[in-house]
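Asks: Can you keep this structure in mind? I'll have questions shortly.
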Amino acid sequence: MAMVDEPLYPIAVLIDELKNEDIQLRLNSIRRLSTIARALGEERTRKELIPFLSDNNDDDDEVLLAMAEELGVFIPYVGGVEYANILLPPLETLCTVEETCVRDKAVDSLCRIGVQMREKDLVEYFIPLVKRLAAGEWFTARVSSCGLFHIAYPSAPETLRTELRTTYSQLCQDDMPMVRRSAATNLGKFAATVEATHLKADILSIFEDLTQDDQDSVRLLAVEGCAALGKLLEPQDCVTHILPVIVNFSQDKSWRVRYMVANQLYELCEAVGPEATRSDLVPAYVRLLRDNEAEVRIAAAGKVTKFCRILNPELAIQQILPFVKELSTDSSQHVRSALASVIMGMAPVLGKDATIEQLLPIFLSLLKDEFPDVRLNIISKLDQVNQVIGIDLLSQSLLPAIVELAEDRHWRVRLAIIEYIPLLASQLGVGFFDDKLGSLCMQWLNDKVYSIRDAAANNVKRLAEEFGPDWAMQHIVPQVLDMINNPHYLYRMTILHAISLLAPVLGSEITCSKLLPVVINASKDRVPNIKFNVAKVLQSVIPIVDQSVVEKMIRPCLVELSEDPDVDVRSFASQAFQSIEQVMMSS
């Protein structure tokens, strides 16, 4: 009897837990649906589990979201694609709930199931579901339906296709802005499945309605539709239908729509082609660069390099650069920061002469900007200018900016400049680096903030890799080793960390002659944290040095540490001993 009742147990647990007042139990139960379905078998999952889920009226959004996600991958548990339609009713219910993330997940799951369904099942079950949702009394159903048309349409017979296009058109004119927004968002996906003849006749008229919507939240979504439709239309149709819309949108009364145009500009240019871009979109882009709203100028400034790549250099210099100069002194620091992050990329576009004549003054003014983010963005892209004009012209202005950033009171700014030091080193060369930046790198090892000291230790290692062991031996190692006598133990720990990073770069000889004696000497420190860090450093250098050095210098030191009164020091010393044994066994 027990054997017969056993399969009933999982469903009983599920039902009990789904009705439990504790939300966590209900959630755990939903997340175990696939396990329970496997235990029940395909037939009982179809006949008992799915109907139960369809009738389940849980009101917690987290539980419903988990259910929507689980059902999307449930086809194997109901018996394969021939039974996929069984999963549609519970998901249809989830498409009508109020919480947006639950509806979105239900639509995603329906799309995943729809893609796998057989054509006849799509016509029999999926398309009626889309039509029911589209005709739903409550707006949430209509919002969800918009995301399903691109799955339903390709399999629909001709009569149903006409009906689906008409229905979508009605959704684009729905009384509720949320429905129109959803229709605008999904128009590109739907348009991609529609035949070329109906694309011009039906979809473009739907699109034109959306572009003239009285709600700016709908119009700004139609901007994305411009780029999506542009890829589907012939170039001449694109210029006729899409280009005027983009130009109008660039002058829209809502700044959010103009922002969207500025943000999507490169995709829109690709849609209409280079000729139309040069003749019609340059004036529109200039308007966006001079927009009253800082957010629009930020988005437009961020696209300046990409936009100039489409134009020829002469056009970029004549029509775009004057307004780029204006932006470099913009009242908003965020506009200047956005410009600084991309303007260096214009150097390869404009060429050497134009860069020196036109761009260099802009770079220099941004390097002296009062806000650190602007200066950082210029420094981070130095390599792009260096390839075109060399670093000499910039280096005089570069140094004051770097020094100022290196000593900035905000530690995150200091951290950012440290990360660019190896890039600067490779661009500026060893001579300039030794004269100007070497002392800064040492200064950071004594910073008050741990993250800066840690980054500085990594920076020292990367510089040793860039300029080689001989240079490091002359310029880095003596100064680093001097700092091991700092009175504060935290700074001494940083130096030990730096030594462990430098050892593999400098090689066995320098490690044994210069670094190892300092580390072993530090094992006599009175602070336990220093002593167990000594054990960690010794462990890291064991693979680098000869076995004789391990026996003569490292092992005696570890023996001493393994008898230390502090438990952590003893623990790290024993770990280092294990490393010695492993190296001996492998050799």
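The values are calculated or read from the model by the stated rules, or taken from the named source; none is laboratory data. Owing to the predicted nature of the structure, the values given are computational and were not obtained by experimental measurement. Note: ideal-geometry Cβ built from the backbone for every residue, glycine included; neighbour counts use all protein chains shown. For accessibility, only protein heavy atoms count, side chains too; no ligands or nucleic acids. Shrake-Rupley method; radii C 1.70, N 1.55, O 1.52, S 1.80 Å.
Asks: Considering only residues that are outside any helix (DSSP H, G or I) and at pLDDT 65 or above, look in the stretch 1-55 and name the one that is least open to solvent (accessible area, probe 1.4 Å).
Replies: Taking the candidates together, the pick is GLY41.
Asks: So VAL257 clears everything in (1) in a helix (DSSP H, G or I); (2) surrounded by fewer than 20 Cβ atoms within 10 Å (Cβ to Cβ) except one condition, right? Which one?
Replies: Only one criterion is unmet by VAL257, namely (2).
Asks: Could you list, in sequence order, the residues of the stretch 164-211 that are polar (S, T, N, Q), under 23 Å from THR240 (Cα atoms) and open to solvent by 30 Å² or more (accessible area, probe 1.4 Å)?
Replies: SER169, THR185, THR193, THR197, SER205
Asks: Is it fair to say ARG453 is part of a helix (DSSP H, G or I) and under 27 Å from GLN427 (Cα atoms)?
Replies: So ARG453 passes the test.
Asks: If you don't mind, another one. Among the listed residues PRO487, PRO517, PRO469, identify the single one that is farther than 27 Å from ILE580 by Cβ, open to solvent by 20 Å² or more (accessible area, probe 1.4 Å) and without any contact (Cβ under 8 Å) to a residue 60 or more places away in the chain.
Replies: None of the other options fit; the residue is PRO487.
Asks: So, one more: Quick check on the stretch 342-364. Is at least one of its residues closer than 30 Å to LYS253 by Cα, within 28 Å of the chain's Cα centre (by Cα) and surrounded by 22 or more Cβ atoms within 10 Å (Cβ to Cβ)?
Replies: Yes: one or more hits.
Asks: Filter the stretch 543-567 down to the residues that are open to solvent by 60 Å² or more (accessible area, probe 1.4 Å), farther than 17 Å from LYS524 by Cβ and part of a helix (DSSP H, G or I) and list them by number.
Replies: Across the stretch 543-567, the qualifying residues are GLN547, SER548, GLU551, LYS552, VAL567.
Here is a yes/no grid of residues against (1) touching a Ser or Thr at 6+ places or on another chain (Cβ under 7 Å); (2) modelled with pLDDT of 85 or more; (3) in a helix (DSSP H, G or I); (4) closer than 18 Å to ALA284 by Cα:
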position: THR166; (1), (2), (3), (4): no, yes, yes, no
position: LEU199; (1), (2), (3), (4): no, no, yes, no
position: ASP213; (1), (2), (3), (4): no, no, no, no
position: GLN236; (1), (2), (3), (4): no, no, yes, no
position: HIS241; (1), (2), (3), (4): no, no, yes, yes
position: VAL245; (1), (2), (3), (4): yes, no, yes, yes
position: ASP252; (1), (2), (3), (4): no, no, no, yes
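Asks: Let me ask something else. Would you tally the residues in the stretch 314-349 being of a type in the set (Gly, Ala, Ser), under 15 Å from PHE371 (Cβ atoms) and either in contact with a strand residue (DSSP E or B) (Cβ under 6 Å, 6 or more places away or on another chain) or not in a helix (DSSP H, G or I) (or both)?
Replies: Going through the stretch 314-349 one residue at a time, the tally reaches 3.
Asks: Is at least one residue of the stretch 574-583 open to solvent by less than 80 Å² (accessible area, probe 1.4 Å) and among the acidic types (Asp, Glu)?
Replies: No, every residue in the stretch 574-583 fails to be open to solvent by less than 80 Å² (accessible area, probe 1.4 Å) and among the acidic types (Asp, Glu).
Asks: While we're looking at this one, here's another question. How many of the residues in the stretch 99-117 are more than 25 Å from the chain's Cα centre (by Cα) and either surrounded by fewer than 15 Cβ atoms within 10 Å (Cβ to Cβ) or at positive phi (or both)?
Replies: Within the stretch 99-117, residues that are more than 25 Å from the chain's Cα centre (by Cα) and either surrounded by fewer than 15 Cβ atoms within 10 Å (Cβ to Cβ) or at positive phi (or both) number 2.
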